[in-house]
Structures are given as C-alpha cells and as structure tokens.
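Asker: Below is a structure I'd like to ask you about.
The values are calculated or read from the model by the stated rules, or taken from the named source; none is laboratory data. Quick caveat, the model's predicted, so the values are computed rather than measured. Note that each Cβ is placed from the backbone with ideal geometry, even for glycine, and that neighbours are counted across all protein chains shown. Heavy atoms of the whole protein, side chains included, go into the accessibility calculation; ligands, DNA and RNA do not. Shrake-Rupley method; radii C 1.70, N 1.55, O 1.52, S 1.80 Å.
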Amino acid sequence: MSSFLPPAAIFILGALLIPLVQGRLRQILMVGLPVLAFFNLLNMPEGTHFVYNFWGTYELTFLRVDKLSMVFAYIFVIMAFAGAIFAAHEKDTKQLVAAFLYAGSSLGVVFAGDFLTLFIFWEIMAFASTVLVFARDTKAARKAAFRYIQVHLLGGLLLLVGILMHYAETGSMAFDYIGLTGTASALILLGIAVNAAIPPLSAWLTDAYPESTVIGTVFLSAYTTKTAVYTLARAYPGTELLMWAGIIMVIYGIVFAILENDARRVLSYSIINQVGFMVVGIGIGTTLAINGAASHAFAHILYKALLMMSAGAVLYLTGRTKSTQLGGLYKSMPWTLLFGLVGAASISSFPLTGGFTTKSMIVSAAGKEHITAIWLLLTLASAGVFLHAGIKFPYFVFFAKDSGLRPKESDLPKNMLVAMGFLAFLCIFIGVYPGLLYNILPYPVTYEPYTGDHIVMQMQLLMFSALAFFMLLKFLKRTETLTMDTDWIYRRGAKYVVDILRVPIGWVHNKLGVIFLERIPAGLYWFSKNPMSAFRIATYSVYLTFSGSEQIKSRIQREKAAYPNNARDLSLSQGVLLILTLFAFFIASAYVYLRYIM
Amino acid sequence: MNKIIEFFERPQVGKMVKYTFYGSLVFLLIVEFFIEKHPYFSFAALPAFYAVYGFISCALIIAVSKILGKVWLQKGEDYYE
C-alpha cells in the first residue's frame, strides 16, 4: 500500500462524510480535507499509480503524476481550501456535498491517465455542479439548472463518442497528445470545447453560474472551465484552431460583459474572456505559451473566486446582484470592497498581482512567435479586461450612484471575509514572488515579468483604459436588460422549431392514434365476436377479388348481415384449421423477418 | 476603516485623487523615454504606443458593444418569460 491516495478519493469519500457530522466538527472536516489533500499532493512521486484492469481490455489509470497535472492539482486543492472556509457557515448539506464531489471529480479528471477514467469523472463533475445550481432553489435557478445539465450531457456524449471512435481507430485509451487529425479527435475537441465555454457553446456558463447560490458560484467559477483548459493543454497543444477560438472567447467575453447588468453575470462573461487567454496560449503551443496558460489558470482561479466571493457577499447581505440596484456600497462594506479591488487589480494584470506575472507570458509568447494579429488582439483584450472587470464591476457595485443600501458588513459571516482575505493575499503573493509559481510549471521558466519596459507599458495600457472608461462613462450606464446569447437557440429558437413541426407531427400522431387505438382494437374486437364467421368472410373476400362471382358477393352480404349472431361452437376440424392457418402465417412472417430484415 | 472612508469622502481629497490620476498619466508618458525597450514588433516601440492603443481599444470596444447591444443583443428582462 502506497503512502498516498488519489486526491479525488480524499474529496469524494470526504464528501460522503459531510452529512454524518454537524456543527464545529463539520467545519473542521471541510477545511481539513483540502489540507490533507495538499500534503498528500506533496507526497506523490511522478509516474502512474492506481492502475486497474477493467473488463479485461481496458486499463483505468487513476493517478498520472507529472508537472502539468500537478500545477492544476495544487490550485484545485488551494481553491477547495478557500471555498471550504467561505462555506464554513453554510447549513445546506447538499450544497457542501456537491461542492466537494465537484472539486474531487475535477481532481479525478486532472489525474486521469486514460480517457475512460477522464470521462467518468467528467460526468460526476457535470452532475455535482448541476446540484450547485439547483441549490439556489428559485424558479430561475431550477430552469437554468435543467438547461445546464442538458448542455453538459450533450457535451459528455460528444466526448464519449469521440473517445470510442478514437479507441476504435488507434486501439489506445491513453489520455495524451492527440491533436486535431480527424473525426474522432474533432468530436473529443467539441466535447471539451463545451466545458471550456468556447462560443457558440458557451451560453450555459453565463446562463447558469449567476443563478447559483452565493457559495455555488464561487466553486463553479473555478473548476469546469479549468479542467477543460487542462485537458486541452494535454491533448491539443499547438492546435492553430484553438488560437483563434481563444481570440473569439476573449473578445466575446468583453462585449457581453460590457452590456450585462447582473454583476455576477458580468464576472461570468469575464471567465469566458480569461479562459480565452489560456486557450490562445494552448493554441500557440510553445513552452512559454503552455507555461503561460497553466500559470494563468492558477492565477485566474484565485482572483475569479475572490471576485465571485465579493459579489456573493453583496448578494448575501442585500439579496441583489443587478448593477442598476446596487451602488454606493463602499460606505458600509469596505472590506469586501478592498478584497474585491485586489481581485479586480489582479484580473487586470496590475504589477504586483498574479495577473501581471502570468497572463503576460501568453501575450509574450504571441509576440515571440511574431503572430502580429494575435498579439494585437490580446493586447486590445488586456485593455478591455480592465474596462469590464477591473473597473466596471467595482465601480457600479461599490461606487457610482448611491443606492441607499447600508448593509452591515458585521452581519457577514466572518469566515467569508477570511476566505476573501486569504485569496487576496495569494493574488498579491504570486504577483510579488512569481518564482514559487514558476517552479511548479510544466516547463523550465526563463521569463522575467518585472522589467522596466513591461511595467511602464502595462501601466500605460491600463491607466489610459481607465481614462477611456471615465471619459465614456455616460455610454456605460447600466440598463435593466438581459443580453441575448446563444442560449437563445434553446430558450427561444426551440419554440419556433416546435411551432413549425407541430402541424405535421400532430397529423401523424393523430393518424397513428386512430390506427392503433381505434381501428386495430375495433377490428380485433369484431373478429373475437365470432372468429369462425369472420374468417369465412375474409376467405370469401379474398376469393371474390379473384373471381368476381355474384354468388360469393351475396354470400358475403348474408354472412355480414348475420354477423355475429350466428355464432356457434367451432367444430374440431374448423378449430384445427384456424390454428394451423394462424400458425402458418406466424411461421411465414417469422421467416420473412429473419431472412430479409434481420 | 471608517476613518479611511471619511478621508476619501472629503471633496478636496477627491480632487487630489483626480489630479494624481492625471499626473500619473503624464508621468507614464514621460518615463517611457528613460527605459530600455525590447519590443517584439517595431511599431510597439513608437512613443506612447500602449497609451494610444489602450485608449483606442477601449473606445472601440465600448462603441462596438453599445451598437451591438442596441440593435440586436439587449432585450427586456422578461424576454425569456
């Protein structure tokens, strides 16, 4: 027995213990599990472990430890720790269990050495995260959760079909580099693209995350998209298509975040934007770019969870998330504001924050490869990030016009502030001491973020973006609107499709109903009244079609008129004949079926 | 914490913040000439490239978003009801 466990096992078994304990003991368990998992990580040697045979032909590899999986595992466990502190006051058991199952299955994906194991954890993630959306228990949340799970089931199916085709083609289930080479790899890529929220497959994220609970959204913001980033970094590095997919995400996220009113939905669109940077990095595929994508995922989880926590704290105290209904909260929620500002500075890549030391690697990688268009668009997007997440989010929630709301920050559970403080500290820590993060990246790092050049240029970019924000402020006034996204297809478009199909489908349905529910039962009922006579009528009718004899015709009429009054017992020979005929009919149809249809 | 908030609420401090902001913009444009640049593209070495590019980017993003929102994307809150 080895001295370590698969981290997924710690979380999933731990999740099952949560309902069994209460109060202080539960809090200790929740915070203790990530700590245990963290020390467990330190104890895991590189290589593959926990390999099991499955059904004779497959091998399930639960633990493939290398630098790429470890960097994601570290941040997932740190995130679970911060999330557990943030959720320590929560009484709703199902949310806590779901959150731990979700975090655990994400770790399962990260350490999966083969596609089958990956797929199993992929699906647990989908279901656990759906529970987090359902848990808000509003009508909007329930509907969003149903849409969410359906999109993820579709994504999971694409992935599964891709995996099976890939296995049929190569005979290998190994989860390694595959690249975009054919239908199988394209299907796998599509399945992952759903979870990475690449438009037009992204609407599930901004539809469901803002409808989740205060705690749920914090967990959701971290895991699904980043496991997808990890999977892409493992299986599709250097795929040029991803470079452009990432650029679309980056721009798309900004445009929608600018238009959106709900603060948590603004932050959700900014997830798409930030994950876009990582996807571009994976598309570029150089060691610098992959390092950039991995480290940016690390930093992104910290500041995005922090931002979601501060928006969650506002929701907790005021019950509101719409920017139009908020404003002026700096007066009564200064700590939430302060931590939120650290997150905002970090997402905008201010020097001394995590964003500055990580995102810039991706932009530099584009510069180093002299991909001018990508570099220009990433730089544009860097300015846009500051605009929509860096200034817009804090400005409209905490400043702008005074909403008159004065929630008492002392009513906020202390643990929520502690969790925010912890993440704010880490955001600054990896900004000031990037070396610690650089040490655990997949490839050796020679990148130096703190050059005079880089600092001054980045500050110019950001400060002049701020100038643009305040000069154009009147165009950024919040409106009470929602922003139409590709979820229109299944929220509105599907209705039109149904309307169009209703007439032909309704007609067929009615016809089938008449045939199977009226004609056939009526016929059988008629036949059963006097089978012998009915049989005779049928035989005469067949005979009539060949001979056309008047005599037979009148005989049928007579028989029909008398039906079924002349019912009488069958003679033995008539009975045998009837049975033999039916039997012959049965044999003939069975023969036709087996010979020609099977 | 309350003291800090009160401090920033004073009108003269508000003005000071504003002027510090403008001052920092000027400072960033000047300090550019005193640092060693190693750009990936020749155009990125032009003076004030990042300032101009950042400003134009933001203006462009706001304009494009607003237009898209007005003519197409923004709907009433009960759109999906």
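Asker: Going 7 Å from the Cα of residue A:512 in the Cα-to-Cβ direction, what parts of the range A:471-501 have a backbone nitrogen less than 19 Å from that spot?
Answerer: So the set is A:498-501.
Asker: Which listed residue (A:298, A:450, A:42) has the Cα farthest towards the positive end of the charge dipole for chain A, taking +1 on Lys and Arg C-beta and -1 on Asp and Glu C-beta about the Cα centre?
Answerer: A:298
Asker: Placing +1 on the Cβ of each Lys and Arg and -1 on the Cβ of each Asp and Glu in the range A:290-425, which of A:381, A:424, A:326 has its Cα farthest towards the positive end of the resulting dipole?
Answerer: A:326
Asker: Also, quick follow-up: Treating only the Cβ atoms of Lys and Arg (+1) and Asp and Glu (-1) as charged, compute the dipole magnitude of the protein assembly as shown about its Cα centre; round to the nearest 20 debye.
Answerer: Roughly 2080 debye for the protein assembly as shown.
Asker: Per residue of A:465-471, count partner chain C-beta atoms within 10 Å of its C-beta, then hand back the mean as an integer.
Answerer: The shielding value for this peptide is 6.
Asker: Just to confirm a number: summing +1 for Lys and Arg and -1 for Asp and Glu over residues other than residue A:146 whose beta-carbon lies under 15 angstrom from that of residue A:146, what do you get?
Answerer: +2
Asker: For the modelled label position 7 Å from the Cα of residue A:176 along Cα-to-Cβ, which residues of the range A:274-288 have backbone nitrogen atoms closer than 20 Å?
Answerer: A:285-287
Asker: If you don't mind, another one. Tally up the carbon and sulfur contribution to the accessible surface of the range A:468-528 as a whole percent, 1.4 Å probe, everything protein left in place.
Answerer: C and S atoms contribute 74 percent here.
Asker: Name the residue from A:371, A:347, B:27 whose Cα lies farthest towards the positive end of the charge dipole of the protein assembly as shown, charges +1 on Cβ of Lys and Arg and -1 on Cβ of Asp and Glu.
Answerer: A:347
Asker: Right, something else. How do A:448, B:9 rank by accessible surface area computed with a 1.4 Å probe, from largest to smallest?
Answerer: Final ranking, largest accessible area leading: A:448, B:9.
Asker: A further question on this structure: Quick one: if the Förster radius is 41 Å, what FRET efficiency do residue A:24 and residue B:4 give, using the C-beta to C-beta distance and rounding to 0.05?
Answerer: With a Förster radius of 41 Å, E is 0.75.
Asker: Would you calculate the separation in nanometres between label points at residue A:562 and residue A:140, each defined as 7 Å from the Cα along the Cα-to-beta-carbon direction?
Answerer: Going by the 7 Å Cα→Cβ label model, 7.7 nm.
Asker: How large, in percent, is the carbon and sulfur part of the accessible surface of the range A:2-84 at a probe radius of 1.4 Å?
Answerer: The value for the range A:2-84 is 69 percent carbon and sulfur by accessible area.
Asker: Another question, if that's okay. Let's test the formula: R0 of 22 Å, r as the Cβ-Cβ distance of residue A:53 and residue A:13. What FRET efficiency results, to the nearest 0.05?
Answerer: The computed FRET efficiency comes out at 0.45.
Asker: A further question follows. Which value, in debye to the nearest 20, gives the size of the charge dipole of the range A:423-487 about its Cα centre, when Lys and Arg are +1 and Asp and Glu are -1 at the Cβ?
Answerer: Taking the Cα centre of the range A:423-487 as origin, the dipole is about 280 debye.
Asker: OK, next. With every protein chain left in place, what is the accessible area of residue A:288 in Å² (1.4 Å probe, nearest 10)?
Answerer: About 30 Å², ignoring ligands and nucleic acids.
Asker: If you don't mind, there's one more thing I want to ask. Give me the angle, in degrees from 0 to 90, between the Cα long axis of helix A:287-318 and the longest principal axis of the Cα atoms of chain A, rounded to the nearest 10.
Answerer: Computed tilt is about 90 degrees.
Asker: Moving on. Enter the Cα centre distance for the pair the range A:520-598 and the range A:118-157, rounded to the nearest angstrom.
Answerer: Value for the Cα centre distance between the two parts: 57 Å.
Asker: Compare the peptides A:115-123, A:261-269 by average per-residue count of other Cβ atoms within 10 angstrom and give them in order, highest first.
Answerer: A:261-269, A:115-123
Asker: Follow-up. Run the quick spin-label model on residue B:21 and residue A:529: label points 7 Å from Cα toward the beta carbon, then report their separation in nm to one decimal.
Answerer: Result: 9.2 nm between the two label points.
Asker: Ok, one more. Given a 1.4 Å probe and no ligands, DNA or RNA in the count, how much accessible surface is buried by A and B, both sides, to the nearest 100 Å²?
Answerer: 4800 Å²
Asker: Then there is this: As an exercise, use a Förster radius of 35 Å and the Cβ-Cβ distance of residue A:35 and residue A:432 to find the FRET efficiency, rounded to the nearest 0.05.
Answerer: 0.90
Asker: Lysines near residue A:67 by alpha-carbon distance under 29 Å, same-chain residues fewer than 8 away left out - which ones?
Answerer: Answer for residue A:67, where 29 Å is the Cα cut-off: A:226, A:304, A:359, A:368, listed by chain and number.
Asker: Full-extension gain between residue A:127 and residue A:446, please, as 0.36 nm times their residue separation minus the C-alpha to C-alpha distance.
Answerer: Gain on stretching residue A:127 to residue A:446: 110.8 nm.
Asker: Still on this structure, please answer the following. Which value, in Å² rounded to 10, gives the accessible area of residue A:446 with a 1.4 Å probe and all protein chains present?
Answerer: Accessible area of residue A:446: about 130 Å².
Asker: While we're looking at this one, here's another question. With each run of n ≥ 4 DSSP H residues scored as -39500 (n - 2.57), what mean residue ellipticity at 222 nm is computed for chain A after dividing by its residue count and rounding to the nearest 500 deg cm²/dmol?
Answerer: Computed ellipticity for chain A at 222 nm equals -23500 deg cm²/dmol.
Asker: For Cα pairs less than 8 Å apart in space and 6+ apart in sequence, what is the mean separation divided by the residue count of chain A, i.e. the relative contact order in percent?
Answerer: RCO, chain A: 12 percent.
Asker: On to the next question. Across peptide A:450-460, what mean number of C-beta atoms from other chains lies inside 10 Å of a residue's C-beta?
Answerer: Per residue, the number of nearby Cβ atoms from other chains is 6 on average.
Asker: How much accessible surface area, in Å² rounded to 10, belongs to the heavy atoms of residue A:124 with a 1.4 Å probe?
Answerer: Surface accessible to solvent at residue A:124 totals approximately 60 Å².
Asker: Under unit Cβ charges (Lys, Arg +1; Asp, Glu -1), what dipole magnitude, rounded to 20 debye, does the range A:446-538 have relative to its Cα centre?
Answerer: So the magnitude is around 940 debye.
Asker: Taking the simple approach of a point 7 Å from Cα along Cα-to-Cβ for both residue A:470 and residue A:574, what is their distance in nm?
Answerer: Modelled inter-label distance: 10.5 nm.
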